[in-house]
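Engineer: The structure that follows is given in the form of structure tokens.
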Protein chains: 2
Amino acid sequence: MNYPLDKNLVDNVCTTFGLMDAHELGNATIRQMVGIIREIERQADCEYVHMELGNPSLPSEQIGVEAQIEALRNGCANKYPLITGIPELTKAASEFVRAFLGLNVPEECIVPTVGSMQGCYALDTLISQLRPDRDTILFLDPCFPVQKQQSRVIGLKVDSIDIGDYRGDSLRDALEKKLQKGNISAILYSNPNNPSWMCLTEYELRIIGQLANRYDTIVIEDVAYLNMDFRDPNRGKPYCAPFQPSVGRYTMNCVHLVSCSKIFSYAGERAAVIAVNPDLAHRHFPALTKRYNSDGQFMRTLVYQILYAISSGVSHSVQYAMAAMMKAACEGRINFVQNTRVYAERAHRIKQIMEKHHFHVVYDKDADNRPVGDGFFFTFTYRDWTGEQLLNKLIYYGVSAISLVSTGAKREGMRGCAASIRDDQFDALDERLALFDRDFAPASPQPL
Amino acid sequence: MNYPLDKNLVDNVCTTFGLMDAHELGNATIRQMVGIIREIERQADCEYVHMELGNPSLPSEQIGVEAQIEALRNGCANKYPLITGIPELTKAASEFVRAFLGLNVPEECIVPTVGSMQGCYALDTLISQLRPDRDTILFLDPCFPVQKQQSRVIGLKVDSIDIGDYRGDSLRDALEKKLQKGNISAILYSNPNNPSWMCLTEYELRIIGQLANRYDTIVIEDVAYLNMDFRDPNRGKPYCAPFQPSVGRYTMNCVHLVSCSKIFSYAGERAAVIAVNPDLAHRHFPALTKRYNSDGQFMRTLVYQILYAISSGVSHSVQYAMAAMMKAACEGRINFVQNTRVYAERAHRIKQIMEKHHFHVVYDKDADNRPVGDGFFFTFTYRDWTGEQLLNKLIYYGVSAISLVSTGAKREGMRGCAASIRDDQFDALDERLALFDRDFAPASPQPL
């Protein structure tokens, strides 16, 4: 296959998928992007280096697979699962949160969701109904783009801070300026950060927690990449510090989204739980009482009104898988931090190849000016190009990633996922980026 | 165990679950009811005759279980499923719709959902965004209560017609009066009807279809109990008339919710598809273009914006189960109508016992004044009692069902599900209803 690919072929696929042309790719959802690339591969008979979708790529933890199969053999498929979650799961998840986040969240404050995607959708919906004057969600950008898409579907307002510009103490002023307006219902972030892999520190989380208390704002903490700050060699031992940094130590106004997709490579089955701080879980809101003609309790409304209405609960067999994997992790039979460390190695190699061809990491610094770590995701661009410029050209070279525009990043560039690249693809990446650089390097200044 | 149960025990459980007392049971969601009854059983060490939750109770179709296990063994759990559905599924579902509904819906107009609950939630969300002046969903009541709950969660207005009062030609005027107002975005019904088991006829569906055309309203047709009008002995042969009656023969403005929960007893795994009429699927709406910065196409918005945001698709292994069961049904290897006929037999026995103790069926007539059939659900009350009166008393007698209030029924009574009663429980039902009748029968007039 010769790169760049035929322009007409690529553009035609884009329009087939409802975009105006390849220039509109920045607006495509990740899944639209997946569909577009798949179709280009089919029509051009080529294979991309896929960095667009955050697929785990490691095999699923076998303990989960076996537990799910056993549950199916035992006949769970014909019975609606308890909407509150099967007791084995809520028990295991409560232990898991204690073992790896170092937090106490009792079983009755945990509920399974169809992936953290559903968890976040349900929380956005609920939190927007708690207090009529709080109509805006504050994102700590750059963010997982679908979380902003969720707000657009539901019809919520969003505001944001680019966390890259406000590390450490400067976060306090930036956040407080937003919270003072009185319209912020929730603060939403993922830690480690998708897409940039920056990691909020305990110090920064304390700032967030203190302000959540002062302004009575709820924090939605997405820990999809729990303990995957691989720079710290001591993470991931159950019930041992250092734990995943968490806002849960500094405020009771918080919920945690704990997904099995990445830590147990179980993304295909849509498996996650919401862990709600017990204080918030048991709080009553008059607006909920009015809307649902109930006692207006946060947790009960989340479970019996919202999650019930959205999907009637989570696949029964998947709940058994989650329970088994979380239990195994607590008992040291699954070391998910060690297992996923390969992503950091892949990211490291990709970044090396990129730098060779005049690409670079966009969000390159973490807190305290440390270099950002290697992990599941990274941000990049070519020379001084914008993300849109790069996306519109890179697609012809058999390399796929998504634009940072949809992540709300103030900085220009793209998000790459290091997980799905195979060992036999690093050479292809090297060659294609070399071609790209050959075609787009600025003309050298003529010697005098 | 002696019935009635201890009043304090029952009332205390109700308040623990966020109700004011047992009088508030009419407001409880079905799943809240399940939780309440479960807790009463635990505390009182008794077993109810459960008629509240529509659990299939038959074992799941083994073909589905085996396919799901094989998919898990093949390693599907670590990969996000295509948001559009795996090709095997959309192909099988397209065939299934042809074989049992007699309709042509191409593969690209079919998408899997986390049960039809998610299907309906997603459609409600999408349809309410198509045209800003259409803010109301018209229910043909009595309805599946959670579908109204969905509207409350999303924040949509609802209007309704009690279909029991408008059978045959009288439906036309009643519907048209509602549609003329111009605010109806969609007409929603289940056929056979949950809770009453009334069945809309082809004649009535033609009326609905014609009016949907005239007023450009979208019909959401929920066929969770596909072909389960057991009065007709010839239903359920693939590709052979008589098919499930469907509005899809009379309007292109329609979508069909096809669930595997009841027909294949697969409720636990949350397995369903939406089949969108191709004309509607390919239609573009300016309001969607504006909201999502896209071409505004109905189907693409449903899949890539709404369903993606709500849960990132449907459990990968479950999609293989669905595909296998639908394929088997088309090929005559699963006769789901014959398999589920046992529900009709159970309903028949329950109704006989009830009548003995002065209970009766509330929605007792179907179209053309035929007696309503026996099936998965039925409606009932005691003498001339309201549903609330009955619910508040029946709960002390170890028999559980839900109030018709939440179904929007104009008639008073309760919904019972015939599926979960075991053969060894008919005697218990008989005894408990006898006790109930002993305690509440009006005093006989004294002989002169």
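What follows is calculated from the coordinates using simple rules that are stated; it is not laboratory data. Bear in mind the structure is a predicted one, so any value in this text is a computation, not a measurement. Cβ atoms come from the backbone with ideal geometry, glycine included; neighbour counts cover every protein chain shown.
Engineer: Assigning unit charges at the beta carbon (Lys, Arg +1; Asp, Glu -1) and nothing else, what dipole magnitude in debye, to the nearest 20, does the stretch A:287-383 show about its Cα centre?
Structural biologist: Dipole of the stretch A:287-383, to the nearest 20 debye: 160 debye.
Engineer: Then there's this: When chain B is treated as a GNM, springs tying every alpha-carbon pair under 10 Å, which of B:PRO195, B:PRO142, B:PRO371 comes out with the largest mean-square fluctuation?
Structural biologist: Looking only at B:PRO195, B:PRO142, B:PRO371, the largest GNM fluctuation is found for B:PRO371.
Engineer: Rounded if a/c is under 1.5, else prolate if a/b beats b/c, else oblate: with a ≥ b ≥ c from the C-alpha gyration tensor eigenvalues square-rooted, which is the stretch A:318-363?
Structural biologist: Taking the square roots of the gyration eigenvalues as a ≥ b ≥ c, the stretch A:318-363 is prolate.
Engineer: What is the angle, in °, between the Cα long axis of helix A:7-16 and the longest principal axis of the Cα atoms in chain A? Nearest 10 is fine, range 0 to 90.
Structural biologist: That helix lies at roughly 30 degrees to the long axis.
Engineer: Here is a further query. Neighbouring Cβ atoms within 10 Å as the yardstick, rank B:ASP366, B:ASP427 fewest first.
Structural biologist: By the 10 Å Cβ count, ascending: B:ASP427, B:ASP366.
Engineer: At a Förster radius of 56 Å, what calculated FRET efficiency corresponds to the Cβ-Cβ distance of B:ASN2 and A:GLU331, to the nearest 0.05?
Structural biologist: 0.80
Engineer: Find, among the trypsin sites (Lys or Arg not before Pro) in the stretch B:155-257, those assigned to loop by DSSP (not H, G, I, E, B) with at most 15 other beta-carbon atoms within 10 angstrom.
Structural biologist: Answer in residue order: B:LYS181, B:ARG231.
Engineer: On to the next question. Hey, what number do you get for chain A at 222 nm if only DSSP H runs of n ≥ 4 count, each worth -39500 (n - 2.57), divided across all residues, to the nearest 500?
Structural biologist: It comes out at -11500 deg cm²/dmol, rounded to the nearest 500.
Engineer: Here is a further query. Return an integer: the convex hull volume of the alpha-carbon atoms of chain B, in Å³ per residue.
Structural biologist: Convex hull of Cα atoms, per residue: 160 Å³.
Engineer: With the crude spin-label approximation of a point 7 Å out along Cα→Cβ, what separation in nm comes out for A:ASP135 versus B:ASN74?
Structural biologist: Using points 7 Å along Cα→Cβ, the separation is 4.9 nm.
Engineer: Could you tell me which of the pairs A:LYS79/B:LYS410; B:LYS262/B:LYS351; B:LYS237/B:LYS262 are separated by over 27 angstrom between their Cα atoms in the structure shown?
Structural biologist: A:LYS79/B:LYS410
Engineer: Here's something else I'd like to know. With each label point set 7 Å from Cα along the Cα-Cβ vector, what nm distance links A:ASP169 and B:ASP427?
Structural biologist: 8.0 nm
Engineer: Now for a separate question. For a quick check: sort B:ASP222, A:ASP45 by the number of other beta carbons within 10 angstrom, fewest at the front.
Structural biologist: Placing the least packed residue first, the sequence is A:ASP45, B:ASP222.
Engineer: Pairs of alpha-carbon atoms within less than 8 angstrom and 6+ residues apart define the contacts here; what relative contact order does chain A have, in percent?
Structural biologist: 24 percent
Engineer: Further question: Once a ≥ b ≥ c are taken as the square roots of the eigenvalues of the Cα gyration tensor of the stretch B:346-425, is the result rounded (a/c under 1.5), prolate (a/b larger than b/c) or oblate (a/b not larger than b/c)?
Structural biologist: oblate
Engineer: Distances from A:ARG383 to the same position in the other copies: list them in nm, one decimal, shortest first, using label points 7 Å from Cα along Cα→Cβ.
Structural biologist: Those separations, rounded to one decimal, come out as 9.0 nm.
Engineer: Residues with beta-carbon under 15 Å from that of B:GLY168, excluding B:GLY168: net charge, scoring Lys, Arg +1 and Asp, Glu -1?
Structural biologist: Net charge around B:GLY168: -4.
Engineer: Report the antiparallel proportion of the DSSP beta bridges in chain A as a percent, rounded to a multiple of 5.
Structural biologist: DSSP beta bridges in chain A are roughly 50 percent antiparallel.
Engineer: Could I ask something else about it? For every other residue with a beta carbon closer than 11 angstrom to the beta carbon of A:ALA344, add +1 if it is Lys or Arg and -1 if Asp or Glu, then tell me the sum.
Structural biologist: So the surrounding residues net to +2.
Engineer: Another question about this same structure. Taking only Cα atoms, what is the 0 to 90° angle, nearest 10, from helix A:115-127's long axis to the longest principal axis of chain A?
Structural biologist: Around 60 degrees separate the two axes.
Engineer: Summarise the partner chain shielding of B:283-294 as one whole number: the mean count of Cβ atoms from other chains within 10 Å of each residue's Cβ.
Structural biologist: 2
Engineer: Summarise the partner chain shielding of A:132-144 as one whole number: the mean count of Cβ atoms from other chains within 10 Å of each residue's Cβ.
Structural biologist: For peptide A:132-144, the averaged partner shielding equals 0.
Engineer: A further question follows. Between the stretch A:12-75 and the stretch B:208-232, what's the alpha-carbon centroid distance in Å?
Structural biologist: One Cα centre to the other: 34 Å.
Engineer: So, one more: Express in % the proportion of alpha carbon pairs of the stretch A:47-109 at distances exceeding 18 Å.
Structural biologist: Here the tail beyond 18 Å accounts for 60 percent of pairs.
Engineer: Suppose the Debye formula is applied to equal point scatterers at every Cα of the protein assembly as shown; what is log10 I(q)/I(0) at q = 0.05, 0.10 Å⁻¹?
Structural biologist: For the requested q values the scattering log ratios are -0.28, -1.12.
Engineer: Another one. Let a ≥ b ≥ c be the square roots of the eigenvalues of the Cα gyration tensor of the stretch B:164-239; is it rounded (a/c under 1.5), or, if not, prolate (a/b larger than b/c) or oblate?
Structural biologist: prolate
Engineer: Which GluC sites (Glu not before Pro) does the stretch B:287-359 hold that lie in a coil by DSSP with at most 14 other beta carbons within 10 Å?
Structural biologist: Passing sites in the stretch B:287-359 are B:GLU331.
Engineer: Provide an ascending nm list, one decimal, of label-point separations from A:HIS282 to the equivalent residue in each further copy; define each label point as 7 Å from Cα along Cα→Cβ.
Structural biologist: The projected label point of A:HIS282 is separated from its counterparts by 5.9 nm.
Engineer: Okay, next question. To one decimal in nm, how far is A:ASN369 from the same spot in the other copies, if labels go 7 Å from Cα toward Cβ? Please give the shortest first.
Structural biologist: Sorted ascending, the copy-to-copy spacings read 9.2 nm.
Engineer: Here is a further query. What are the trypsin sites (Lys or Arg not before Pro) within the stretch A:352-432 that DSSP puts in a loop, where the Cβ has at most 16 other Cβ atoms within 10 Å?
Structural biologist: A:ARG383, A:LYS410, A:ARG422
Engineer: A follow-up question, please. State the answer as a single residue: which of B:CYS254, B:THR289, B:ILE69 lies farthest towards the positive end of the charge dipole of the stretch B:62-330, with beta carbon charges of +1 for Lys and Arg and -1 for Asp and Glu, about the Cα centre.
Structural biologist: Checking the options against the dipole of the stretch B:62-330, the answer is B:THR289.
Engineer: Nearest 10 degrees, 0 to 90: what angle lies between the long axis of helix B:426-440 and the longest principal axis of chain B (Cα atoms)?
Structural biologist: The angle comes out near 60 degrees.
Engineer: Going 7 Å from the Cα of B:ALA434 in the Cα-to-Cβ direction, what parts of the stretch B:40-59 have a backbone nitrogen less than 11 Å from that spot?
Structural biologist: none
Engineer: Taking R0 as 25 Å, what's the FRET efficiency between B:GLU47 and B:ARG341 from their Cβ-Cβ distance, rounded to 0.05?
Structural biologist: Efficiency at R0 = 25 Å is approximately 0.45.
Engineer: Starting from the 7 Å offset along Cα-to-Cβ, what nm value, one decimal, do you get for the label separation of B:ARG214 and A:ARG152?
Structural biologist: 3.9 nm
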